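Enquirer: Mind having a look at this structure? Questions to follow.
Readers should treat all values here as calculations from the given coordinates under stated rules, not as data from a laboratory. A quick note: this is a predicted structure, and the numbers were derived from the prediction, not measured. Backbone-built Cβ (ideal geometry, glycine too); neighbour counts: all protein chains shown.
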Amino acid sequence: MGNMKPFRIAILMASVFSLASPGCGPSQTPKIETFQVPVPDPIARAKTILTNYTNGMPVTSEAESFAEIAAQVKAKDAAKGDLLEKGFAAIKANPATAKTKATELLKQL
């Protein structure tokens, strides 16, 4: 019975290696599909942020994206972009006025 231990180890090793070896099935690579994701409307994004402020949400890290959002809106509508740029600047300068300023801006958009 002293020779049974190496035999068991050999059987165990053989079964482990057989599980780890790659299969012999077809090796077709899966088809890569590309999806076009719609770009979010910058005006809608601005309105969402402003609506949150009118509902009492405090000004947080989203204020860092104000300039980017205003620039994107300007590309679509220069007048609204200027309006947002000034409004966002006022909100960023004085976050306590966010609710009032956001309410005004939403009426003008």
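Enquirer: Which of the aspartates and glutamates could a cross-linker bridge to residue 92, judged by Cα under 18 Å and excluding same-chain residues fewer than eight apart?
Expert: 62, 64, 68, 82, 104
Enquirer: Starting from the Cα gyration tensor of segment 61-109, take the square roots of the eigenvalues, sort them a ≥ b ≥ c, and report rounded, prolate or oblate (rounded when a/c is under 1.5, otherwise prolate if a/b is larger than b/c, else oblate).
Expert: On the way: a/c = 2.48, a/b = 1.33, b/c = 1.87.
Oblate, because a/c is 1.5 or more while a/b does not exceed b/c.
Enquirer: Let's test the formula: R0 of 22 Å, r as the Cβ-Cβ distance of residue 68 and residue 34. What FRET efficiency results, to the nearest 0.05?
Expert: On the way: r = 26 Å, r/R0 = 1.18.
Working from the Cβ atoms, E equals 0.25.
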